[in-house]
Amino acid sequence: MFRRARKRPKPVAYVIEETHAQEAPGADLHVRARSGRSRQADRAKARILMCAVVFAAAFASLAARLAFITFGQIVPQTSIASAPAAEGPRPEIIDRNGALLATNLPMIALEVWGKEVWDAHETAEKLHGVLPAIDTQSLEQKLRAGQYVEVDADMTPAERQAVFDLGLPGVRFSSRIQRFYPQADLAAHVVGHEEPGKGGVMGLEKATNGWPRGGAMRASIDIRVQQIVEEELGAAMEKFNAKAAWAGVMDVRTGEIIALASLPDFDPNAPGAAPADSRRNRATYDRYELGSAFKAFTAAAALNDGVASETSRYDARGSFKVADRRITDFHGENRVLNFSEVVQYSSNIGIARIAGDLGAEKQKAYLKKLGLFEPLAIELAENRAPELPGQWGPVETATIAYGHGISVTPLHLLTAFSAVVNGGVYHDPTFLAVEGGAPERRVFSKDTSAVMRRVLRRVVTDGTAEYAEAPGYFPIGKTATADKPARGGYNRNTRIASFIGAVPGYAPRYAFLISLDEPQPLKETYGYATAGWNSAPAFSRIVERAAPLLGLSPENEATALAAFVSGDMEEYMEARLGVPVSGGRMP
Amino acid sequence: MFRITTLFLCILLTAAAVGRYRAEESVRKARSELEKLETSRLEELERIQILRAEIAYLDNPERLAKIARSETDLRPTSREQMVSQRQFAAAMTGETSPTPAEDAPVPSEAITNAIAMAQLAAGE
């Protein structure tokens with residue numbers, strides 16, 4: 001049935017190539033034939049070649065990988081955090097000596113998602129066992145409603161472990177960074193605070209919004225001096241039952257603000273707990289008519305311009321009529337005063353006469369040079385331009401000479417005063433520690449400044465500020481008691497009492513401003529509420545406590561007197577304190 | 001010949017593969033160790049950060065002033081406690097101040113203490 005197919009015999013040879021030696025007719029045909037063995041050899045060669053290629057590829061890949069492992073860089077895993085929490089999203093703020101003012105703290109919060117909770121009652125009860133401060137009823141209600149509840153914003157490691165051990169469903173731990181202000185209410189208005197999601201909203205915190213990440217912002221503030229200023233200011237405010245108070249300390253050679261206080265204040269760790277009024281920085285944002293401190297500017301301008309000298313004399317008897325206004329003195333000497341006495345006894349009449357001699361245009365020019373026409377170039381957003389009179393006639397020239405009719409921020413006043421006493425150079429104020437000082441411009445000559453130091457020293461020794469004396473530091477300064485503006489004029493029962501001064505008086509390093517808003521008269525002040533009775537003593541106490549921290553040592557009277565008379569502040573600084581002639585910084 | 005070569009290559013390949021596996025394993029271990037170290041470093045930094053904040057809180061001048069007032073007799077430095085370098089040097093060497101007019105106020109309690117300390121140190 002089935003016939004097996006006959007096996008074909010194997011050929012002896014295969015014709016694998018035939019070529020014609022020549023294309024010409026009659027040419028020989030060459031035939032190359034190969035045996036079966038030869039063909040097997042070819043196959044074996046092909047297999048070997050294939051194996052070699054495969055091995056070569058495998059070795060190459062191994063070699064490449066080994067080389068990569070040996071010499072290549074290990075790429076960090078994404079699970080490894082690249083930045084520690086300490087460096088956080090916002091830069092730290094430190095004071096000039098490195099004390100922390102604002103930092104970032106890692107926090108662990110406990111959150112419970114109501115939708116994932118099996119038994120709301122059990123969850124609330126068990127969490128209450130670990131965290132007794134929890135209101136169990138409220139938590140249970142929220143969990144039953146399926147709400148997401150943050151039970152605790154800052155857990156201790158022990159609490160976290162205890163809650164973890166409960167093994168409750170729906171319970172989560174979330175790690176977060178929280179801004180912390182270890183100095184609490186100290187320098188609160190300078191440091192400012194942040195709001196979640198908004199970043200810094202006031203003070204230096206707002207300035208850190210554009211600050212390079214990872215670094216620290218070094219403020220010019222010295223927290224030790226700040227504490228002294230706030231303590232003494234608070235004590236004065238309480239003693240004289242003042243509505244508010246503010247103070248500032250400035251390095252007159254660099255423009256750095258060493259301390260700045262505005263009371264009432266607030267704790268930046270809980271800014272919402274304080275009324276909005278307490279968060280207002282009165283020292284840099286509010287504008288006031290700061291009164292007789294302006295006499296120092298008028299006097300310096302007149303001296304510098306050559307319209308007055310230390311020997312000039314002014315009639316301060318009775319009153320002085322300017323246009324339709326009559327200018328009088330608060331406690332008039334009612335006699336002819338010399339130039340120094342006009343400032344010493346704070347004579348409105350005398351200074352109005354000096355301003356009249358100076359003229360409105362020159363007065364404006366000097367006040368402008370003193371930065372009293374523009375907002376200050378400071379790092380804080382809480383900053384405003386002075387309020388100038390609509391017209392600047394003879395009456396305004398006279399009243400502005402003693403600080404009425406122009407409203408400036410207290411920091412404006414402190415900065416301008418520094419330029420009067422430091423040798424005549426205006427420095428832009430700054431809240432950051434700077435090397436070499438802030439930008440400067442000359443306003444008064446060195447001689448003018450030297451005369452003004454002598455005049456302002458007499459205010460303390462023989463004038464309205466006897467209680468500002470700080471033995472050994474020879475302070476200079478000026479009292480300023482300004483009635484507050486009211487409808488149709490000024491209210492004689494509400495006043496701002498300020499003392500602005502500098503130490504050491506013969507070669508000033510630091511200027512101080514202390515103001516009390518509506519201080520009340522006391523029995524011990526004989527019914528007076530003027531600056532000489534309240535702000536000046538506070539200045540004295542601050543200087544005596546802060547001077548050693550600021551590197552100031554007491555001086556003997558002979559040396560101080562010699563420095564006052566010669567007026568060569570730089571020579572004194574070099575000889576006695578080892579401080580360079582210009583742009584130097586105290587150790 | 002072919003089989004020996006193939007065998008040799010196979011052994012070599014296996015050895016290389018094992019070598020690579022071991023190298024990778026060691027890298028994996030090293031990386032794991034690195035991760036642990038990194039985590040530990042971060043935790044340490046967090047602890048340091050918390051400690052820095054605590055130190056800043058404890059160093060708060062307001063707090064220290066309250067403690068100093070209630071627990072100690074410490075008071076702010078007064079000018080009588082301060083002496084100039086020249087005064088101090090003069091007191092330590094037993095000499096009088098070269099320019100007393102310049103260096104007043106003298107003498108002070110600080111100088112007396114300095115002299116006493118110097119005498120104590122000298123065994124007198």
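Condition check: assigned by TED's automatic domain parsing to the domain that holds residue A:344, assigned to a helix (DSSP H, G or I), out of contact with any Lys or Arg (no Cβ under 6 Å at 6 or more places or on another chain) and not small (Gly, Ala, Ser). Does residue A:379 satisfy that? The answer is no for residue A:379. Scanning the stretch A:322-343 for residues being more than 16 Å from residue A:309 (Cβ to Cβ) and not basic (Lys, Arg) gives a total of 11.
Inspect the stretch A:271-278 for any residue being under 23 Å from residue A:544 (Cβ atoms) and in the same structural domain as residue A:493 (by TED's automatic domain parsing) and give the result as yes or no.
The first filter runs over the stretch A:271-278 and keeps only residues under 23 Å from residue A:544 (Cβ atoms), leaving none.
Looking for residues that are under 23 Å from residue A:544 (Cβ atoms) and in the same structural domain as residue A:493 (by TED's automatic domain parsing), one finds none in the stretch A:271-278, hence no.
When you look at residue A:254, is it buried (at least 24 other Cβ atoms within 10 Å of the Cβ) and farther than 14 Å from residue A:411 by Cβ, yes or no? Here the answer is yes, as residue A:254 does meet what is asked.
Against the condition facing chain B (nearest Cβ under 9 Å) and modelled with pLDDT under 90, how does residue A:70 come out, does it pass? Steps first, answer last, please.
Values: facing chain B (nearest Cβ under 9 Å): yes; modelled with pLDDT under 90: yes.
Criteria met by residue A:70.
Restricting B:94, B:123 to residues that are at positive phi and at pLDDT below 65 narrows the list to B:123.
Might you let me know whether the stretch A:338-355 holds any residue that is surrounded by 16 or more Cβ atoms within 10 Å (Cβ to Cβ), over 37 Å from the mean Cα position of the chain (by Cα) and part of a loop (DSSP other than H, G, I, E, B)? Yes: the stretch A:338-355 contains one or more residues that are surrounded by 16 or more Cβ atoms within 10 Å (Cβ to Cβ), over 37 Å from the mean Cα position of the chain (by Cα) and part of a loop (DSSP other than H, G, I, E, B).
For the stretch B:19-63, a residue qualifies if it is under 22 Å from the mean Cα position of the chain (by Cα), more than 7 Å from chain A (Cβ to nearest Cβ) and among the polar types (S, T, N, Q), and exactly one does: B:40. Selection of the stretch A:216-234 for residues being among the aliphatic types (A, V, I, L, M) and at pLDDT 95 or above yields A:219, A:221, A:223, A:225, A:228, A:229, A:233.
Highlighted here are the helices (runs of 4 or more DSSP H) found entirely within the stretch A:185-285 that include at least 1 residues which are within 14 Å of another protein chain (Cβ to nearest Cβ) and touching a residue at least 60 places away in the same chain (Cβ under 8 Å): A:188-191, A:223-239. The numbered conditions (1) of a type outside the set (Ser, Thr, Tyr); (2) crowded, with 23+ Cβ neighbours inside 10 Å; (3) under 30 Å from residue A:541 (Cα atoms) are all true for residue A:238 except (2).
Here is the figure for the stretch A:497-514: residues that are of a type in the set (Val, Ile, Thr) and over 27 Å from the mean Cα position of the chain (by Cα) total 0. Scanning the stretch A:453-480 for residues that are within 32 Å of the chain's Cα centre (by Cα) and away from chain B (no Cβ under 14 Å) returns A:453, A:456, A:468, A:476, A:477, A:478, A:479, A:480. State whether the residues of the stretch A:221-239 include one that is small (Gly, Ala, Ser) and under 20 Å from the mean Cα position of the chain (by Cα). Scanning the stretch A:221-239 turns up no residue that is small (Gly, Ala, Ser) and under 20 Å from the mean Cα position of the chain (by Cα). Scanning the stretch A:472-531 for residues that are touching a Gly at 6+ places or on another chain (Cβ under 7 Å), within 15 Å of residue A:289 (Cβ to Cβ) and surrounded by fewer than 24 Cβ atoms within 10 Å (Cβ to Cβ) returns a single hit, A:482. Reported count of residues in the stretch A:530-557, each being more than 9 Å from every other protein chain (Cβ to nearest Cβ), under 27 Å from the mean Cα position of the chain (by Cα), part of a loop (DSSP other than H, G, I, E, B) and at pLDDT 90 or above, is 1.
Only residues that are assigned to a loop (DSSP other than H, G, I, E, B) and acidic (Asp, Glu) were counted in the stretch A:407-455, giving 2. With the condition kept exactly as written, say whether any residue in the stretch A:468-479 is touching a strand residue (DSSP E or B) at 6+ places or on another chain (Cβ under 8 Å) and modelled with pLDDT under 90. No; the residues of the stretch A:468-479 include none that is touching a strand residue (DSSP E or B) at 6+ places or on another chain (Cβ under 8 Å) and modelled with pLDDT under 90.
Could you list, in sequence order, the residues of the stretch A:195-224 that are closer than 30 Å to residue B:75 by Cβ and surrounded by fewer than 24 Cβ atoms within 10 Å (Cβ to Cβ)?
A:224
The values are calculated or read from the model by the stated rules, or taken from the named source; none is laboratory data. It should be emphasised that the depicted structure is a prediction, and the values quoted were computed from it without experimental measurement. In this analysis, Cβ positions are derived from the backbone assuming ideal geometry, glycine residues included, and neighbour counts consider all displayed protein chains.
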